[in-house]
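Visitor: For reference, the structure I am asking about is given below.
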């Protein structure tokens, strides 16, 4: 079957820190024909980058903690434990953002960068697509408060042993989806990465 859709109308419903666009559209159906005209709002987040910073020699993951407006409905847990991430600005590559954000948010210089995967975070209502990377770092001097003042960032940085990081996922202490995906990927690939790093 041919998969098609058509945009009947499109408008910007709101423009502020983020942008909300409104679409009227139709799409083909699996059993043939076209859907009825539907209206959907799309949160325009743009493309972003996330990096799980890992020191294979110390077996430590660099975690960051910061206030997140998206968690204000759960006020006791409005500060989320995450990994380094940031938006791709015009003219930047995903790789450039990974290197930049690692310095800005965690004070870490990436020694080796590997793409893990690319995926949509919430495609039912957001355009956000993530490029997720592994960044090999030296975590021996990691720690402190980082972030850019003009972006109102207040980021607590720490290096945590991998076993403890994985327990944080298992016990629900880490609640943000992107770091959960990254940590689970590292759980699967960690032994192989440590052997490769040790032999290089």
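The values are calculated or read from the model by the stated rules, or taken from the named source; none is laboratory data. Just so we're clear, the structure is a prediction, and the values are computed from it rather than from any experiment. Here the Cβ is made from the backbone with ideal geometry for all residues, glycine too, and neighbour counts use every protein chain on show.
Visitor: Inspect the stretch 114-130 for any residue being modelled with pLDDT of 90 or more, outside any loop (DSSP other than H, G, I, E, B) and touching a helix residue (DSSP H, G or I) at 6+ places or on another chain (Cβ under 7 Å) and give the result as yes or no.
Guide: Within the stretch 114-130, one or more residues are modelled with pLDDT of 90 or more, outside any loop (DSSP other than H, G, I, E, B) and touching a helix residue (DSSP H, G or I) at 6+ places or on another chain (Cβ under 7 Å).
Visitor: Tell me which residues, restricted to the stretch 94-113, are crowded, with 17+ Cβ neighbours inside 10 Å and either in contact with a helix residue (DSSP H, G or I) (Cβ under 7 Å, 6 or more places away or on another chain) or outside the structural domain of residue 160 (by TED's automatic domain parsing) (or both).
Guide: Selection gives 108, 110.
To keep it simple, each residue is scored yes or no on (1) closer than 16 Å to residue 60 by Cβ; (2) exposed (fewer than 13 other Cβ atoms within 10 Å of the Cβ).
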{"residue": "140", "(1), (2)": "yes, yes"}
{"residue": "148", "(1), (2)": "no, yes"}
{"residue": "151", "(1), (2)": "no, yes"}
{"residue": "156", "(1), (2)": "yes, no"}
{"residue": "159", "(1), (2)": "yes, no"}
{"residue": "163", "(1), (2)": "yes, yes"}
{"residue": "170", "(1), (2)": "no, yes"}
{"residue": "178", "(1), (2)": "no, no"}
{"residue": "185", "(1), (2)": "no, no"}
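Visitor: What number goes with the only condition from (1) within 16 Å of residue 159 (Cβ to Cβ); (2) touching a strand residue (DSSP E or B) at 6+ places or on another chain (Cβ under 7 Å); (3) in contact (Cβ under 8 Å) with a residue 60 or more places away in the chain that residue 84 does not pass?
Guide: Going through (1) within 16 Å of residue 159 (Cβ to Cβ); (2) touching a strand residue (DSSP E or B) at 6+ places or on another chain (Cβ under 7 Å); (3) in contact (Cβ under 8 Å) with a residue 60 or more places away in the chain one by one, residue 84 breaks only (3).
Visitor: Then there is this: Can you tell me how many residues in the stretch 143-158 are in contact with a helix residue (DSSP H, G or I) (Cβ under 9 Å, 6 or more places away or on another chain) and modelled with pLDDT of 95 or more?
Guide: 1
Visitor: Given the criteria assigned by TED's automatic domain parsing to the domain that holds residue 163, at positive phi and touching a strand residue (DSSP E or B) at 6+ places or on another chain (Cβ under 8 Å), does residue 59 qualify?
Guide: So residue 59 fits the description; yes.
Visitor: Considering only the stretch 126-134, I want to know if a residue exists there that is within 30 Å of residue 42 (Cβ to Cβ) and more than 15 Å from the chain's Cα centre (by Cα).
Guide: No, the stretch 126-134 contains no residue that is within 30 Å of residue 42 (Cβ to Cβ) and more than 15 Å from the chain's Cα centre (by Cα).
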